[in-house]
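These notes are about the structure you will find just below.
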Amino acid sequence: QVQLVESGGGLVQVGGSLRLSCSASGSIFDINTMGWYRQAPGKQRELVAHITRHGNTAYAFAVKGRFTITRDNGKNTVYLQMNSLRPEDTADYYCNVNFRSSPVTTYQDAWGQGTLVTVSS
């Protein structure tokens, strides 16, 4: 089993910053992509950003230029630096890790429990 522990959410004013962290532990042989998703009330979960093991990144159009995703492969940890936050960024943010438990198993997804980000105007 794999456990993901997220931290860093909270309440921030418009224009402020937050940094989310997600650490993976457990039965991990290696990790492919790591990413962040978010889900606002009444909306579907959407991809915010993801990063490959080689550091290639992709962002949702709505956050490009404001959010930065990074990862520490040695610590199995992914970060999301969020700057210039807007009220529409308010959502539950979920960490996603695509991993495998051994060289002969297939990659599978694990999800964090979610951390709430609230941006007040």
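The values are calculated or read from the model by the stated rules, or taken from the named source; none is laboratory data. As the structure is a prediction and not an experimental result, all values here were calculated from the model. Using ideal geometry, Cβ is built from the backbone for each residue, glycine included, and neighbour counts are taken over all protein chains shown. The accessibility values were calculated without ligands, DNA or RNA, using every heavy atom of the protein model including side chains. Shrake-Rupley method; radii C 1.70, N 1.55, O 1.52, S 1.80 Å.
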**Request:** Return the residue satisfying two criteria in turn: it lies in the stretch 64-90 and is touching a residue at least 12 places away in the same chain (Cβ under 8 Å) and at positive phi, and of such residues it is surrounded by the most Cβ atoms within 10 Å (Cβ to Cβ).
**Result:** 76
**Request:** Kindly list the number of the only condition in (1) at pLDDT 95 or above; (2) under 30 Å from residue 121 (Cβ atoms); (3) surrounded by fewer than 13 Cβ atoms within 10 Å (Cβ to Cβ) that fails for residue 108.
**Result:** (2)
**Prompt:** If you take the residues of the stretch 13-63 that are among the small types (Gly, Ala, Ser) and over 28 Å from residue 120 (Cα atoms), which of them is surrounded by the most Cβ atoms within 10 Å (Cβ to Cβ)?
**Reply:** 24
**Request:** Report the residue count in the stretch 95-105 for those that are touching a Ser or Thr at 6+ places or on another chain (Cβ under 8 Å) and either farther than 17 Å from residue 57 by Cα or open to solvent by 60 Å² or more (accessible area, probe 1.4 Å) (or both).
**Result:** 2
**Asked** Can you tell me which residue in the stretch 95-121 is farthest from residue 8 (Cα to Cα), limited to those that are outside any loop (DSSP other than H, G, I, E, B) and free of Cβ contacts under 8 Å to residues at least 60 places away in the same chain?
**Response** 108
**Message:** List pairs: first residue in the stretch 32-51 and closer than 10 Å to residue 93 by Cα and in contact (Cβ under 8 Å) with a residue 24 or more places away in the chain, second residue of a type in the set (Asp, Glu) and open to solvent by 60 Å² or more (accessible area, probe 1.4 Å) anywhere in the structure, Cβ distance under 7 angstrom, at least six positions apart or on different chains.
**Reply:** 37/46; 38/46
